Structures are given as structure tokens and as C-alpha cells.
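Taken together, the values in this text are just the output of simple stated rules run on the coordinates, not laboratory data. Given the structure is predicted, the values throughout are model-derived calculations rather than measurements. Virtual Cβ from ideal backbone geometry, glycine too; neighbours counted across all protein chains shown.
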Amino acid sequence: MNTLVILATLPVFLILYYVYRKDVNKEPISKLLLTLFVGCLSVIPASIMELYLETMKPAGPISGGLYEGFVVAAFSEELCKFLLLLLVIWRSPHFNEYFDGIIYAVFISMGFAGVENLMYVFQSGDYATSVGTAVVRAIVSVPGHFLFAVAMGYFLSLARFDPAHRKSHLIKSILYPILLHGTFDAILMVSENLQTDETIAYLIGTLELVIFVIFDIRMWRKGIRRINHLQQLSQQQDFDRRNPFANFRWNF
């Protein structure tokens, strides 16, 4: 049991450590732990929404897979994380640098991913299956939640520090994670629904793998660029605060 808990939670803590190290001015540990805890709690409203939306799932294999990916999973989970993220940090005085949007979004998302991982691992049946589930989710699902959170936090920070375009940034902050998450899940769910015989299953599985790898690589590239961009903006903010002459203009 201890091994399964470690396998389910280790990728979560590795990602949390990674983003924490990237932060220019470290956030209070108490605030980060609160955000992580709220992320854990977000599983409850998301699960309730998913159960309700699942009752309206279309019967077709393609439409059903798309509905499950974009509506049941992506819409429910990302909306709950987004609303709770706003509740926790939007008016917080600690949300004072560009990179803060990403770090808090990742912490709330990793709280969700950690609980979800534990649920999947301990519902997998025998020990060998549980270990396999934990390993696959560590490679695929947890990094996926991380990248969805990067998109959410990136645009949330732009909304915070760019009031002139706040509305459009806030829309992107929830829309982009839903689209990324929905595409991520729909690729898997549609292929599962279309697997009617061994030959088709093999072809679909191969195509799915190619599409998924391409999509995953693009997500990682975008995610790392967004992290680096906000890290640079935060460093500039920090420099401006420390240097009283940073924004000084000589007038003659």
C-alpha cells in the first residue's frame, strides 16, 4: 500500500518542487499548502458535475468520446479548479508577480491530480494492475494536469497585470485549459469507443499514439515557453522594485 501511495503522489511532488524552484520570490509555504489543499477538495464538486453530465452522454462512439473528453472531464475539472483558484488567490496580496499565477494554478491542479491518482490507483483491482496504472498516470495524466495548469495560470497572470485586456485574458484562462484537457482526453476516449475488432483496434491505437505524441510535444513546448516568459517578467518586476531609478526618466 505504501508503495502505491508513493507511486501515485511522487510525480505530483516532483512537479511542485520544479515550479517552486522556478519562482523568483518564494510564495509563503502556508499559502501554497492552502492552495494545494483546496486543489484536493476540488475533486468533490468536479466528481458531482461529472456524474450529472455523464447522464447526458450521446450514444455514438465519436460523439460520446468527444462529449466525455471535452464536457464530462475537461469542462467539469478545469471549471472547478479555475473558480477555486480565483477564490484563493485573486484578491490575495501574495499574487503580486507574473509567475505567481502559474505557481498557484499548478499547486491547485496538483492537489486535484494527486487525489485523482490515488482514486484510480486504488480502484484498479490487483496490485500489479495498480502499479501499472500508477506508472502510466505518472507519465501521462499528472504531466497533463501540470500543462493545463500552466495555461490557466499564464493567462490569469496576464489578466491580473493587464487590466486593459482583463476580460479576454480571463476567458482564455479557463477556455485554453478546457480545450487542451478536452483534446488530451478525447483522443483516448474516441479511440477506445471505436475499437470494435483486433485489426481496427491496432490501426486506431497506432494513429492515436502518433496524434497523442505530437499533441503532447506541442503542449510541453508551449508550457515551457509560458513558464520562461512569466519567469522573465517576474524577474523584471523584481528588478524594478529593487532599483528606485528603473523607471526614472530625465526631463530637460
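General observations
- Between the listed residues 35, 122, 140, the Cα displaced farthest toward the positive end of the dipole of the stretch 2-241, a dipole computed from Cβ unit charges relative to the Cα centre, is found at 35.
- The lysine pair tally for the chain, using Cα distances under 30 Å and a gap of 8 or more places or different chains, is 20.
- Residues 109, 63, ranked from the fewest to the most other C-beta atoms within 10 Å, line up as 63, 109.
- Where labels lie 7 Å past Cα in the beta-carbon direction, separation of residue 21 and residue 131 in nm: 2.8 nm
- On the beta carbon distance between residue 221 and residue 44, with R0 = 25 Å, the FRET formula returns roughly 0.15.
- For the stretch 1-88, the set of trypsin sites (Lys or Arg not before Pro) satisfying both a DSSP loop assignment and a count of at most 13 other C-beta atoms within 10 Å is given as 26.
- Mean separation of Cα contacts under 8 Å (6+ apart) over length of the chain, as relative contact order %: 27 percent
- Rounded FRET efficiency, nearest 0.05, which uses the C-beta distance separating residue 59 from residue 228 and R0 of 30 Å: 0.10
- Zero-based 5 Å bins, Cα pair distances in the chain, whole percents: 1, 6, 12, 16, 18, 16, 12, 7, 5, 3, 2, 1, 1, 0, 0, 0, 0
- Evaluating 6.51 cos²θ - 1.76 cosθ + 1.60 at θ = phi - 60° for every residue in the stretch 172-180, the Karplus couplings come out as 5, 5, 9, 5, 4, x, 5, 5, 5 Hz, glycine and proline recorded as x.
- GNM flexibility winner over the chain from 156, 34, 14 (Cα, springs under 10 Å): 14
- Summary of the geometry: the stretch 22-90 and the stretch 111-155, compared by the centres of their Cα atoms, lie 13 Å apart.
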